[in-house]
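Here is the structure we will look at.
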Amino acid sequence: MTTNYFIGAIRFIALLLAQVLIFNNLNIFGFINPMIYIIFFYWYPVKENRTLLLGIAFALGFSIDLFSDTMAMHTAASLTTAFLRPALMRFVFGVNLEFQNFRLSNSTRVQQITFLALLILVHHLVFFVLEIFSFSNLLLILKRVLFTGLSTFIFTILLTSLFAVRKE
């Protein structure tokens, strides 16, 4: 049990530092900055305390806001993603989620990718609606969600496959 918290803390710090030091400075085509810290919500244990997840989401979003000077947009997007995570899991995994021994690694690859894509979509939609804050620029919001979401998806797939536990 203690090792789970230790691994979670290491992931939190590593993703925070990677986001702030590397990915915030990575401007692809001048406007795309992948937000890889969303992997934390993907990796968070399924049956763990939901209140703890919301607290961690606040801390992660607030920390990134402090370093990025983004006026609580990361915090709002992270909290929304953490709040909607159980509903997204029920949507993607269905009744399999109710089993006592359910683990994300035991689900199909399609379900894992769908779950990650929905987390990214929710997070980016909230983030860019708050950033642009004008529905007259709806196409700009959709463009930013699409391209930043696609780059985030590619980087998160690469990172999750890099740090995945191999089954033999």
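Here are the numbers for this structure:
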read-out	value
Among (1) modelled with pLDDT under 90; (2) open to solvent by less than 70 Å² (accessible area, probe 1.4 Å), the one test that T81 misses	(1)
Residue within segment 95-102 that is at pLDDT 90 or above and open to solvent by less than 20 Å² (accessible area, probe 1.4 Å) present	no
Odd one out for K143 among (1) surrounded by fewer than 15 Cβ atoms within 10 Å (Cβ to Cβ); (2) touching a strand residue (DSSP E or B) at 6+ places or on another chain (Cβ under 9 Å)	(2)
All positions within segment 30-57 that are closer than 20 Å to F128 by Cβ and open to solvent by 50 Å² or more (accessible area, probe 1.4 Å)	G30, F31
Residues satisfying the stated conditions in segment 103-120, i.e. among the polar types (S, T, N, Q) and either open to solvent by less than 50 Å² (accessible area, probe 1.4 Å) or assigned to a loop (DSSP other than H, G, I, E, B) (or both)	S107, T108, Q111, Q112
Every pair of residues 6+ apart whose Cβ atoms lie under 8 Å, when the first sits in segment 42-62 and is closer than 22 Å to Q112 by Cβ and of a type in the set (S, T, Y) while the second is surrounded by 13 or more Cβ atoms within 10 Å (Cβ to Cβ) and at pLDDT 90 or above	Y42/F115; Y42/L116; Y42/L119; Y42/T156; Y44/L53; Y44/I56; Y44/R85
Segment 7-29 - residue that is open to solvent by less than 60 Å² (accessible area, probe 1.4 Å) and β-branched (V, I, T) and, of those, farthest from K143 (Cα to Cα)	V20
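The values are calculated or read from the model by the stated rules, or taken from the named source; none is laboratory data. Given the structure is predicted, the values throughout are model-derived calculations rather than measurements. We place every Cβ from the backbone using ideal geometry, glycine too, and count neighbours over all the protein chains shown. Just the protein is used for accessible areas: all its heavy atoms, side chains included, with ligands, DNA and RNA removed. Shrake-Rupley method; radii C 1.70, N 1.55, O 1.52, S 1.80 Å.
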